[in-house]
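**Student:** Quick one: this structure, given as structure tokens, is what I'll be asking you about.
The values are calculated or read from the model by the stated rules, or taken from the named source; none is laboratory data. All values reported here derive from a predicted model rather than from experimental measurement. Here the Cβ is made from the backbone with ideal geometry for all residues, glycine too, and neighbour counts use every protein chain on show.
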Amino acid sequence: MGISAKELEVNTKHINELADQIRNNTDCEVLLLIVDEHLDSVRDLFADIKEEMRKLLTDILPVAGPPSPTPTSIVAWINKLITSLITPQLLAHIKYTKKLIQMAAAIYNVIDAIRVAKETLPQCAIEIKDQVLTEIENQIKGVVDEALGQIEESMTAVLGIADPSQTVLRIDTSSPEAFIQTVDKALPAIEQKVDDFKNAPLPA
């Protein structure tokens with residue numbers, strides 16, 4: 001079904017609030033209910049997130065390389081067409097991934113809260129194995145790593161056409177932290193570079 005960027009934002013807020021509830025609650029019955037009701041719903045988000053990422057990138061990678069050999073002016077026209085087609089999806093995916101990483105941090109926040117509760121409130125007997133929490137962490141990492149890999153591939157394809165001399169700042173996709181640190185500065189620069197390329201006159 002997919003999950004929109006706006007829904008990701010809402011879910012992130014909700015998940016952080018859930019972590020606060022777990023940390024601040026000393027009523028065992030309420031705590032167990034919170035954990036039991038919400039942990040599965042957190043895991044259910046992954047399928048929708050993966051589907052949304054798949055839709056965002058469906059049109060990008062198949063047209064990421066122009067055909068050759070062709071006359072110079074036709075190649076330039078094809079390159080403009082490619083960047084016009086795939087840049088909007090790439091930009092949408094970048095913005096979506098930023099929200100995804102923020103939500104992932106919120107889920108890690110919940111997992112940490114559960115682990116703390118298991119240690120500080122052993123009388124609650126929270127029956128969640130560490131293996132389950134590790135499994136969720138691995139799922140989150142897998143989704144985020146996949147998104148970063150897709151952005152790197154798509155960004156390389158777009159800027160390989162629009163900025164072959166590599167003059168513009170790239171988004172660092174080596175880790176979620178590096179992505180968050182570079183995306184806000186690099187994204188406008190990438191957009192401007194692509195716009196300049198699309199608006200440049202075709203060679204004679």
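**Student:** So in region 1-54, with the set limited to residues that are of a type in the set (S, T, N, Q) and either part of a helix (DSSP H, G or I) or modelled with pLDDT under 70 (or both), which one is surrounded by the fewest Cβ atoms within 10 Å (Cβ to Cβ)?
**Tutor:** The qualifying residue surrounded by the fewest Cβ atoms within 10 Å (Cβ to Cβ) is N24.
**Student:** Yes or no: L100 surrounded by 16 or more Cβ atoms within 10 Å (Cβ to Cβ) and under 30 Å from I22 (Cβ atoms)?
**Tutor:** Spelling it out, L100 is indeed surrounded by 16 or more Cβ atoms within 10 Å (Cβ to Cβ) and under 30 Å from I22 (Cβ atoms).
**Student:** Step by step: first the residues of region 134-176, then only those that are in a loop (DSSP other than H, G, I, E, B) and among the hydrophobic types (A, V, I, L, M, F, W, C), then the one that is nearest to A104 (Cα to Cα). Which residue is that? Show your work before the answer.
**Tutor:** Our first condition is that a residue be in a loop (DSSP other than H, G, I, E, B); within region 134-176, this holds for 163-175.
The next check asks that each one be among the hydrophobic types (A, V, I, L, M, F, W, C); those that pass are 168-169, 171.
Details: V168: 28, L169: 25, I171: 19 Å.
Residue satisfying both the conditions and the ranking: I171.
**Student:** Just one of V144, V158 is modelled with pLDDT of 85 or more, touching a Leu at 6+ places or on another chain (Cβ under 8 Å) and within 22 Å of E17 (Cα to Cα); which is it?
**Tutor:** Checking each option against the conditions leaves just V144.
**Student:** Among the residues of region 161-174, how many are surrounded by fewer than 12 Cβ atoms within 10 Å (Cβ to Cβ) and either of a type in the set (A, V, I, L, M) or in contact with a Leu (Cβ under 6 Å, 6 or more places away or on another chain) (or both)?
**Tutor:** 0
**Student:** Any residue in region 114-136 that's of a type in the set (D, E, K, R): show its pairings with residues that are modelled with pLDDT of 70 or more and surrounded by 11 or more Cβ atoms within 10 Å (Cβ to Cβ) at Cβ separation under 7 Å, as long as the two are six or more apart or on different chains.
**Tutor:** Correct list of pairs: R115/L133.
**Student:** Then there's this: Looking only at region 112-159, how many residues end up being under 24 Å from the mean Cα position of the chain (by Cα), surrounded by 15 or more Cβ atoms within 10 Å (Cβ to Cβ) and of a type outside the set (D, E)?
**Tutor:** Final tally of qualifying residues: 16.
**Student:** Counting just the residues of region 177-204 that are in a helix (DSSP H, G or I) and of a type in the set (G, A, S), which one comes out surrounded by the fewest Cβ atoms within 10 Å (Cβ to Cβ)?
**Tutor:** Among those residues, the one meeting the criterion is A178.
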